[in-house]
Amino acid sequence: MKRLVNAGSAFFTFTLILAFAGSCTQEFNTIGADVIGGGDFNVEQTVIDDIFLTNTKLGPVRSNFLPLYQLGSREDAIFGRRTASVAAQLRLVSANGTNYNPTFGNFTQDVEDTNAADGDDLTLADNERVVNAYLDIPFFSTVVSTEDEENTYELDSLFGNRDATFNMKVEELTFFLRSLDPDNNFQQVQQYYTSIGMTGDGNPTPNFADFTGTVLFDGVTSISDEEIDVINVQPDDEGNPVTDERLSPRIRVPLDSLFIQERILNAEGTSVLSTDSEFTDYLRGIYITTSNVDNLLMLLDFANANIRIEYEFDEVDTNNTVDDPSDDTIVVDQDTFLIPLNGNVINILEDDPLPITISDALANTDAPENLFIRGGQGIMTEVKLFDEGESSDVLDQIKANNWLINQANLIFYVDEAASANTTLPNRLYLYDLENETALFDYLIDPTSSSAASERDESRSVYGGILDETADDGPLYRFSITSHLSNIIRRDSTNVKLGLSLTSDINNINVSRPLLDSDISTPEAAVISPFGVVLHGNSPTVPENKRTKLEVFFSEID
């Protein structure tokens, strides 16, 4: 299947080429300063179908220290059901410092113990007691309006039935989550994976259901886009409730107050709260699962998740007569203590077996009829241009012609029939699989933006964005102009490429599967709940739907 399909040529001056480029939605880049030197030249287009494609099933992939995590269960029309749970370490370390040796109330436990019998009302024991304890996991949300200091939010990253109620269970985790790997002299991060009970390098992910203690919550919950008001225990002078804080929408479930009282407040002044390492061994974490979920998968902001403890305590009101205890009264005050979930967090994904049609297709290593792309412990595609080995008649011919590449597009078409009844992912990611890095076209894209509002369009010249307006059907187009030019004119290595999902085009970190150390997948693909079926380049695929490399090149007269 070695051929160049010439799509015609036209004679242009350099000025006309610039005008043509400006009038097109696809930006053209001219590679090679010698082109700008002047003179007329031909601009031609060719389609190269010497592209070798391989579907690769990843299996379990690293799923700790991710930027966000999945929770819930969703039925995918292509690949079947996925259920996601989370094991999360509790920390005393917060984003703004540490909570080592916390003082609950006004006095440290040492002061309370020392002065318990001195008869001094001013050193009365605080008598701290839990009023409310919550697990708070924020949704990703945006403020769309504000009225009377109250915000209205739009929720993001919720897939499926947002109106569904579901059961959620929060249990004490008794398994110690290591941050560093002892098998590598504690020099590397301990890796945990998306599936339980696996073997291989590093510590396999345990079945966390076998390492649970007290059930902290087991009940029905649902999604709300309402802001949460935190009400002070003390009303204002007129007896009206006072709002201390307003929290963005979140999963919020009440936790066992007695457990929190005994394990946290009653431990004030003891060694278990003295250091982060002591605490993570004392209260090792929580395990969060869902059940009876009617097709809802949530991507949640665990970086800002916490256990929120609202407690009250006694203090003395001297009525401004410190030297006269006769009019002293005991009043109740309140405070809040947060335990972040910003330590080691692991996403566990349970997938139904793949449909037999997909399993059979994955076993076929010939020119595939379909490319299957799925996030999580999913499927990616290996792409090799021109050849499978180290030589190519097509590539040698291109080099001999001394082409100057104006634009090169690698195009993948959606199989609309196979992808029916599912949400097409907005973005795919094409990367250097061998060196586990982004392509040069990605790195030099001037449209790069880290702003959340612009993230979907970031690096739009490099592309990979779903185009549903193309004449031949939905497609994903990547500009690989610089990558191809470097191969042709600078003898760069024609590396194997990877095609995968991405939930954040700005995140190019990679994650390795447990069972294949030669493959990497983008970290942003691990957290994507989507999947899509693309046309491959089998002869059974209509010619206008096959994966292709479209090249616009110049030949100087």
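Summary of values
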item: The one condition in (1) under 24 Å from Asp76 (Cβ atoms); (2) in contact with a Gly (Cβ under 9 Å, 6 or more places away or on another chain); (3) not basic (Lys, Arg) that Gly343 fails to fulfil; result: (1)
item: Residue within the stretch 448-468 that is at pLDDT 90 or above and over 30 Å from Leu349 (Cβ atoms) present; result: yes
item: Residue check, Leu258 within 30 Å of Thr422 (Cβ to Cβ) and not aromatic (Phe, Trp, Tyr); result: no
item: Elements of type strands (runs of 3 or more DSSP E) in the stretch 334-443, at least 1 residues being touching a residue at least 24 places away in the same chain (Cβ under 8 Å) and under 26 Å from Phe553 (Cβ atoms); result: 379-385, 404-413, 428-432
item: Residue match in the stretch 478-494 (condition: more than 24 Å from Ser392 (Cβ to Cβ) and part of a strand (DSSP E or B)); result: no
item: Residues located in the stretch 141-197, provided they are at pLDDT below 95 and charged (D, E, K, R); result: Glu147, Asp148, Glu149, Glu150, Glu154, Asp156, Arg162, Asp163, Arg178, Asp181, Asp183
item: Options Ile411, Ile358, Ile398; residue that is surrounded by fewer than 23 Cβ atoms within 10 Å (Cβ to Cβ), among the β-branched types (Val, Ile, Thr) and farther than 18 Å from Leu499 by Cα; result: Ile398
item: Yes/no for Ser448 being of a type outside the set (D, E, K, R) and surrounded by fewer than 18 Cβ atoms within 10 Å (Cβ to Cβ); result: yes
item: Set Glu468, Glu543, Glu550, Glu457: member being assigned by TED's automatic domain parsing to the domain that holds Asp50 and under 21 Å from the mean Cα position of the chain (by Cα); result: Glu457
item: The lone exception for His483 - which of (1) more than 19 Å from Lys384 (Cβ to Cβ); (2) touching a helix residue (DSSP H, G or I) at 6+ places or on another chain (Cβ under 8 Å); (3) buried (at least 16 other Cβ atoms within 10 Å of the Cβ); (4) of a type outside the set (A, V, I, L, M) it fails; result: (1)
item: Test: residue in the stretch 469-479 that is out of contact with any Asp or Glu (no Cβ under 9 Å at 6 or more places or on another chain) and within 21 Å of Leu497 (Cα to Cα); result: no
item: Residues satisfying the stated conditions in the stretch 522-544, i.e. crowded, with 24+ Cβ neighbours inside 10 Å and assigned to a helix (DSSP H, G or I); result: Ala524, Ala525, Val526
item: Filter pass, Asn364 being out of contact with any Cys (no Cβ under 8 Å at 6 or more places or on another chain) and either charged (D, E, K, R) or modelled with pLDDT of 90 or more (or both); result: no
item: Selected residue (criterion: surrounded by the most Cβ atoms within 10 Å (Cβ to Cβ)) from residues of the stretch 486-510 that are of a type in the set (S, T, N, Q) and under 28 Å from Arg455 (Cβ atoms); result: Ser500
item: Failed condition for Gly376, given (1) on the phi > 0 side of the Ramachandran plot; (2) at pLDDT below 85; result: (2)
item: Residue count, the stretch 444-477 (criterion: among the β-branched types (Val, Ile, Thr), in a loop (DSSP other than H, G, I, E, B) and either touching a Pro at 6+ places or on another chain (Cβ under 7 Å) or in contact (Cβ under 8 Å) with a residue 12 or more places away in the chain (or both)); result: 3
item: Every pair of residues 6+ apart whose Cβ atoms lie under 6 Å, when the first sits in the stretch 251-271 and is surrounded by fewer than 17 Cβ atoms within 10 Å (Cβ to Cβ) while the second is not hydroxyl-bearing (Ser, Thr, Tyr); result: Arg252/Asp136; Arg263/Leu283; Ser271/Glu278
item: Filtered residues of the stretch 327-377 (kept if under 19 Å from Thr422 (Cβ atoms) and either within 17 Å of the chain's Cα centre (by Cα) or aliphatic (A, V, I, L, M) (or both)); result: Leu349, Leu354, Ile356, Ile358, Ala361, Leu362, Leu371, Ile373, Arg374, Gly375, Gly376, Gln377
item: Count of residues meeting criterion [touching a Phe, Trp or Tyr at 6+ places or on another chain (Cβ under 7 Å) and at pLDDT below 95] in the stretch 469-481; result: 2
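The values are calculated or read from the model by the stated rules, or taken from the named source; none is laboratory data. These numbers come from a predicted model, not from an experiment. Cβ atoms come from the backbone with ideal geometry, glycine included; neighbour counts cover every protein chain shown.
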